[in-house]
Amino acid sequence: MRLEEIMTAPVLTITSELSVADAAKRMRSNDVGSLVVVRKGIVEGIITSWDVAVGCVGAGEDPAMCPIMLYMSSPVHTARPDTDVVEAARVMSQRRISRLPVVNAEGEPVGIATFSNISRVMQQLASDIFSGWDRTPVSVSIGQEI
């Protein structure tokens, strides 16, 4: 299975020149926990609700005066739409990230894969695989063909 089959699209974006308050308002109005930060249509970073709450507000700063560029994560690891979901999960686990922007050949964001997207798919895959197992005990003697 590929990321393009499970990613959330379209991805919500914002520019780094705007304020953290602008990012928080956009996240709230769209009920999301992150925005992909772009410059001239290319992924520059990512800002999350954690960055807003802990990075800016938690430091006692005024979110309206905090530029996104100071609080976003950058550089950001991205993936292509044809990336295998298991490979994406491995990368996310190794890098300890929960969001992976998906970009086209030009580097423009086309979606976002989240830990939630991937875990739902993995859970369904495991359920599909294991639901077919017959749990009836099988007796086999050594040297006997199954």
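The values are calculated or read from the model by the stated rules, or taken from the named source; none is laboratory data. As the structure is a prediction and not an experimental result, all values here were calculated from the model. Cβ atoms come from the backbone with ideal geometry, glycine included; neighbour counts cover every protein chain shown.
Brief remarks on what is shown
- Residue, surrounded by the fewest Cβ atoms within 10 Å (Cβ to Cβ), within region 1-21, restricted to residues that are over 19 Å from Asp82 (Cα atoms) and in contact with a strand residue (DSSP E or B) (Cβ under 7 Å, 6 or more places away or on another chain): Glu17
- Residue check for Gly107: closer than 14 Å to Arg2 by Cα, not in a helix (DSSP H, G or I) and not aromatic (Phe, Trp, Tyr): no
- Residues in region 68-91 that are more than 17 Å from Arg26 (Cα to Cα) and either assigned to a loop (DSSP other than H, G, I, E, B) or in contact with a Ser or Thr (Cβ under 7 Å, 6 or more places away or on another chain) (or both): Ser74, Pro75, Val76, His77, Thr78, Arg80, Pro81, Asp82, Thr83.
- Residue within region 85-99 that is surrounded by fewer than 18 Cβ atoms within 10 Å (Cβ to Cβ) and farther than 21 Å from Arg120 by Cβ present: no
- Long-range neighbours under 9 Å by Cβ, at least six apart or interchain, first residue among the small types (Gly, Ala, Ser) and part of a loop (DSSP other than H, G, I, E, B) within region 55-67, second surrounded by 14 or more Cβ atoms within 10 Å (Cβ to Cβ) and at pLDDT 95 or above: Ala64/Ser19; Ala64/Val20; Ala64/Ala21; Ala64/Asp22
- Those residues of region 103-142 which are at pLDDT 90 or above and among the small types (Gly, Ala, Ser), in sequence order: Ala105, Gly107, Gly111, Ala113
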